[in-house]
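Asker: Once you've had a glance at the structure underneath, I'll fire off some questions.
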Amino acid sequence: MAINNPSVFLLMINGQIEGANGLEEGISQITSKGRDSPQRMIWNFPLEITFKSTNPLGWPQIVVSVYGPDTFGNDVVRGYGATHIPFTPGQHNRTIPMFVPESTSRLQKFTR
């Protein structure tokens, strides 16, 4: 009996998320303000990822979620975004547009 074993490929990624523009506070990692721009937050967050698949369609992607405290000190989503990872080797810069969830009720909008 023959076993159908599809061929797979591996994608290894080494890099870092250097920084972001935006809020001064969050809960994911400690950051510092950039010297050139007070809105620039510097993280230098290292990444080391290995993907394994039989089909590269629609991926690989990095999904980023940004959390921060609300009025009551609860951690809530401040924004999220995703970007595809390039298949070519070398150094690449990516800008991830962040989407901000909007409150659905007036009470949530007020306490936000």
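No lab work stands behind these numbers, since they all come straight from the coordinates. All values reported here derive from a predicted model rather than from experimental measurement. Heads up, the Cβs are rebuilt from the backbone with ideal geometry, glycines too, and the neighbour counts pull from every protein chain shown.
Asker: Taking R0 as 22 Å, what FRET efficiency do you get between residue 87 and residue 43 from their Cβ-Cβ distance, rounded to the nearest 0.05?
Answerer: Working: r = 25 Å, r/R0 = 1.13.
The value I calculate is 0.35.
Asker: Given labels modelled 7 Å from the Cα in the Cβ direction, how far is it in nm from residue 104 to residue 59?
Answerer: Here the modelled spin labels are 2.8 nm apart.
Asker: Show me the three semi-axes of the equivalent ellipsoid for region 38-112, from the C-alpha gyration tensor (sqrt of 5 times each eigenvalue), largest first, rounded to whole Å. List each step's numbers first, then the result.
Answerer: Values: eigenvalues 203, 52, 25 Å².
Semi-axis lengths for region 38-112 are 32, 16, 11 Å.
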